[in-house]
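Note sheet for the following structure.
The values are calculated or read from the model by the stated rules, or taken from the named source; none is laboratory data. Everything numeric in this text was worked out from a predicted model, so none of it was measured. Glycine gets a Cβ as well: all are built from the backbone with ideal geometry, and neighbour counts include every protein chain shown. Please note that ligands, DNA and RNA were not included when accessible areas were found on the heavy atoms of the full protein model with its side chains. Shrake-Rupley method; radii C 1.70, N 1.55, O 1.52, S 1.80 Å.
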Amino acid sequence: MGNNVLIDIKDVKKHFPLSKSWFEEKQYVKAVDGISFSINQGETFGLVGESGCGKSTTGRLINGLIKSDTGEVIFNGKDLASLSEKQWKAYRKKMQMIFQDPYASLSPRMKVKDILMEPLTIHFPRMSKQEKIETVKNLLDKCGISEFHLNKYPHEFSGGQRQRISIARALILQPELIIADEAVSALDVSIQSQILNLMKNLQKEFNLTYLFISHDLSVVEHISDRVGVMYLGNLIEVASKQSIFKDPKHPYTKSLLASIPQPDPSVKRERISLKGEIPSPSNPPTGCKFHTRCPLAMDVCKEKVPIMQKLNENQQVACHLY
Amino acid sequence: MMSKLQIETSTMEIPKVKSENRFLNFWRQFRKKKPALFSLYFVFLLLLTMVIGPHIVPYDPAEPNYNRLLEFPTLDHLFGTDEYGRDILSRIIVGARITLSVSVSAVLLGTVVGTVLGLVSGFFGKWVDKAIMRICDVLFAFPDLILAIGIVAILGPGVRNVIIAVAFFNIPSFARIVRGATLEVKEMLFVESARSVGASTTRIVWKHIFPETIPVIIVYFTMNVGTAILSAASLSFLGLGADPSSSDWGAMLSMSRDYIGSSFHLVFFPGLVIFLTVLAFNLLGDGLRDVLDPKTND
Amino acid sequence: MGSLLQVNNLKTGFHTEDGMQTVITGIDFEVNHGEIVGLVGESGSGKSVTSLSIMQLLHDTPGEIIDGEIIYKGEDLLKLSEKKMRQYRGNELSMIFQEPMTSLNPVMKIGKQIIETISLHLNMSGQKAKQHAVSMLESVGIPRAKDIMNEYPHQLSGGMRQRVMIAMQISCNPSLLIADEPTTALDVTIQAQILDLLKDIQEKTNMGILMITHDLGVVAEICDRVIVMYAGRIVEQATVKEIFNNPKHPYTKGLIDSIPKIGAGLDELYSIPGAVPSPKNMPKGCKFAPRCEHVMDICNLEEPALAMENGRSSRCWLTQEQSQQEGVVGHGQ
């Protein structure tokens, strides 16, 4: 794994306006509230957090499906926001997405071959049909789908097979970065492990970089090299997999880890149960956003926003305890 | 308690019957809707009549026979004769062509324009949507027939202008329906995933969204043909449509209204075929909706 | 006291275009007082259909119970009239679902919904029912219970809604609670809270819980006994310790090995090849044979019975051959 930074996210923000009546003050959902991290070439960066923490929005911001309010996304040394529409299209090829729900992410009225050929038609208009079909067959085969299925429609496949098709589509443009948004969350465990293995193998074969977004910490631990934990639109801890799972620093990370039910009845969960629910992202707490649920909250936490600081080579945390 | 224990079927493990062929699958379900199935047969019969009608008529529909004026139905003339002694059955058979082609082409025109407007309106939203929808609201505000009369009054009577008039008031209903479907489809994940591979707006609308709205369009197309037949007939009845001497069903009704007291059959038979045709198209539309677009049904 | 719920030879089928398709093929199990039994399986295994069959809530689906007995406290639920069954539901047997929003009435205040259930089954009058409702909400850890009574379901978060659902379902002191994926839609920290809550309630009231889930982590956390289902059959049944420490059926073993475990440091996960067979294309012999790595000739020819041994059972030729050699075979069916 080289240490070349492939993508660098700098203080990216995205606030969605809430539609309110004229008379009320305009409110915003602070989906992503200034996050910075970078992903190195060939590594898998896991982004975890609970629902509403902004992890999916982050993926879409990087991919350009949503435009950020402020901040920079630097891909291969180029700030994506500064690109023209045409240049952007060339960069689009280099990052592709895999979505959570394989039942909803494939056009229901298109045949598998058309779904897979579409990206080629868009980006390589001069490619011959024969060439396209060959590329499709080749890639489907690598993803474990036989070429007999080329003329079938998505509804004729199981969830696992559809996810394989989605992966093949994401790979067809030979991207460098794959953003996988909850890519295995909708699948049964036995299928989930097949897909995870497939993704790992493809990563080796094509030298891919993954941004793996998931709420499932066990899956993230399995696939990632480094992990970022998000809470209410902010990154609160970024560390190597070893550091974060063996020695989590942020109280939120700790409680998140303690909450995972372990598939082993002899391990009794240490109950650091968090009080209460996640506050609304339209009206987050002041200071450290976690202070309302934090078992170790101090006075300073209510007032001052903690900044991300480097604890060592592998670990960064945003918490007043450190 | 029971009401609260509603079950979301999507979470359940119901075995899906998968068919390799979409059409076969559709046909299997459609076959069970008996009224719609019979309507389909009736519509086929009408279409057949349109094609071969002029070759199978027992009498020349335009040939007057002053010996047999206003005759009640007999074995010779199953539907009787009109005020010029023309065979009513033959006139109805021949009239199918003009009546149906006017209404079908009118609805087709309305569908095409309405669909494009609906797709644009639903996909782009914002002011485009607002503008298109407000225009549709204005069109909706007029009763269909008044609008059509107005248009024909401006353009002048005649078959072509009836088609335009009827098409015109089909536009807003299609625009709205397609816009609704577009709004729904636009939010689906596959649209976002198409965008993530770099698909252009045109491609997304045309290749990903439009195909999803086709079932709804088919359903409403069928239903609107029924209404369009009525409207075209009404315009003819008012003397704004087809040439009164032609065998258009509406024109037939119009011409025979003077005899309604003495020779009831003159009005009855054209009226009956209009009624049956409209009913058939509506029932067919209903059946298609049940199968193609189950959501709007519940 | 013995078993609270006993399911004998339950068969449920679905009406399809091609006639009746059996999706549950004669399953037997029991739930005892004060016991949490996990019913585990992947989608298509028939676990949810089993729960709906017990509650007899299949009318909204194409499903129908074909055969079998569901003995609850000595009485066969399948022989009860719909009226009697309605009295049982929510009172003796309760059920919570994955997404509480679909089981709560969106246009009715939460308090009113709970009071309705209470007055229906407990014969309590206005003020008393209201007090009971508030105390139920408090008992499931809802802060500001009195205010919440006047709120609508959409005003609450997913975790809160699930608590309300639990409060409603336990408000009439049911003896059996069927929980169908109750935490699947929730975040991990909230899931942990709900699991703790269910465990606490169960300890306090000694009710039996049938926990339907696909998540083996949840099973290990909360269940006493586990039933593993595959393709409409029970393939293994044992205590939670036995299942995890010494799974007998290759499917159970495969499932456990498929889960990524924190700190395991594996480069590749174990994975079961293939997918669950569709009801239309069921293999002839053992239904798991096409995916099994220990498959033998007999597996493709004949389906093994669910054999009991030392209080646990498994449906596999592998273990049955071994025990036959040792001469201790006992048939569960």
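Heavy atoms only, probe 1.4 angstrom, no DNA, RNA or ligands counted: give me A:28, A:103 ranked by accessible area, highest first.
These residues rank, largest area first, as A:103, A:28.
Near the amide H of residue A:179, under 5 Å away, which other amide H atoms are found, from residues 5 or more places off or on another chain, if H is placed in the peptide plane?
So residue A:179 has HN proximity to A:96, A:97, A:98, A:211.
If I require 30 Å or longer along the helix axis, counting alpha carbons, and a Kyte-Doolittle average no lower than -0.5, what helices from chain B are left? Use full DSSP H segments.
B:34-56, B:88-124, B:159-186, B:210-237, B:265-292
Which is the longest run of chain B containing none of the GluC sites (Glu not before Pro) found in DSSP loop states (not H, G, I, E, B) with at most 12 other C-beta atoms within 10 Å?
B:21-186
Could you tell me how many degrees, from 0 to 90 and to the nearest 10, lie between the Cα long axis of helix A:129-142 and the main elongation axis, the longest principal axis, of the Cα atoms of chain A?
Relative to chain A, helix A:129-142 is tipped by roughly 50 degrees.
Only helical DSSP H runs with n ≥ 4 go in: add -39500 (n - 2.57) per run for chain A, normalise by residue count and round the 222 nm mean residue ellipticity to 500 deg cm²/dmol.
-9000 deg cm²/dmol, from helical runs alone.
Taking only protein heavy atoms and a 1.4 Å probe, what accessible area per residue, in Å², does segment C:193-255 have with all protein chains in place?
Counting only protein heavy atoms, the per-residue value for segment C:193-255 is 27 Å².
At what distance in nm do the modelled label points of residue B:140 and residue B:75 sit from each other, each positioned 7 Å from its Cα along Cα→Cβ?
Placing both labels 7 Å beyond Cα along the Cβ direction yields 5.7 nm.
Does anyone have the angle between helix A:159-171 and the longest principal axis of chain A? Alpha-carbon axes, 0 to 90°, nearest 10?
In chain A, helix A:159-171 runs at an angle near 80 degrees to the longest axis.
From other protein chains only, count the Cβ atoms within 10 Å of every residue's Cβ in B:196-204, then give the mean.
On the way: counts 17, 16, 13, 5, 2, 0, 0, 3, 1.
Per-residue shielding by partner chains comes out at 6.
Per residue of A:97-107, how many C-beta atoms from partner chains lie within 10 Å of its own C-beta, taken as a mean?
Mean inter-chain Cβ contacts per residue within 10 Å come to 5.
Taking the Kirkwood radius as the inverse of the mean 1/r across Cα pairs, report the Rg/Rh of chain B.
With Rh from the inverse mean 1/r over Cα pairs, Rg/Rh is 1.07.
Rank-order A:81-87, C:83-89, A:290-296 by packing density, defined as the average count of other C-beta atoms within 10 Å over each peptide's residues, highest first.
A:290-296, C:83-89, A:81-87
Would you kindly work out the equivalent ellipsoid of segment C:253-331 from its C-alpha gyration tensor and give its semi-axes, the square roots of five times the eigenvalues, largest first in whole Å?
26, 19, 11
Calculate, for residue B:84 and residue A:65, the FRET efficiency according to 1/(1 + (r/R0)^6) with r their C-beta to C-beta distance and R0 51 Å; round to the nearest 0.05.
For R0 = 51 Å, the calculated efficiency reads 0.15.
At R0 = 45 Å, how high is the FRET efficiency between residue B:130 and residue B:51 if r is their beta carbon distance? Nearest 0.05 is fine.
0.50
What figure in square angstrom, to the nearest 10, would you give for the accessible area of residue C:201 with a 1.4 Å probe?
Counting only protein heavy atoms, the figure is 20 Å².
Using the Karplus curve 6.51 cos²θ - 1.76 cosθ + 1.60 with θ = phi - 60°, what ³J(HN,Hα) values do you get for each residue of segment A:39-44, in whole Hz, with x for Gly and Pro?
10, 8, 4, x, 9, 10
When you look at the Cβ of every residue in C:152-161, what mean number of other chain Cβ atoms sits within 10 Å? Mind showing how you got there, number by number?
Working: counts 0, 0, 0, 0, 1, 7, 3, 3, 2, 0.
Taking the mean over all residues of the peptide, I get 2.
Roughly how many Å is it from the Cα centre of segment A:77-131 to that of segment A:182-227, as a whole number?
Cα centres, segment A:77-131 to segment A:182-227: 21 Å.
Nearest 5 is fine: what % of DSSP beta bridges in the protein assembly as shown come out antiparallel, could you say?
65
Farthest toward the dipole's positive end in the protein assembly as shown, which of B:133, A:210, B:73, given Cβ charges of +1 (Lys, Arg) and -1 (Asp, Glu) about the Cα centre?
Going by the charge dipole, the pick is B:133.
Give me Rg over Rh for segment C:107-172, both radii from the alpha carbons and Rh done the Kirkwood way, two decimal places.
Rg/Rh for segment C:107-172 comes to 0.93.
Quick one: accessible area per residue over segment C:107-172, 1.4 Å probe, rounded to a whole number of Å²?
On the way: 2970 Å² over 66 residues.
About 45 Å² of surface per residue is accessible.
Can you spot the aspartates and glutamates whose alpha carbon is less than 19 Å from residue A:302's alpha carbon? Ignore those fewer than 8 places along the same chain.
A:33, A:237, A:277
Just read off the accessible area of residue C:270 with the full protein assembly in place, 1.4 Å probe, to the nearest 10 Å².
Its heavy atoms expose roughly 70 Å² to the probe.
Could you tell me what percent of the accessible area of chain C is made up of carbon and sulfur, with a 1.4 Å probe and every protein chain present?
On the way: 6330 of 13220 Å².
Roughly 48 percent of what the probe reaches on chain C is carbon or sulfur.
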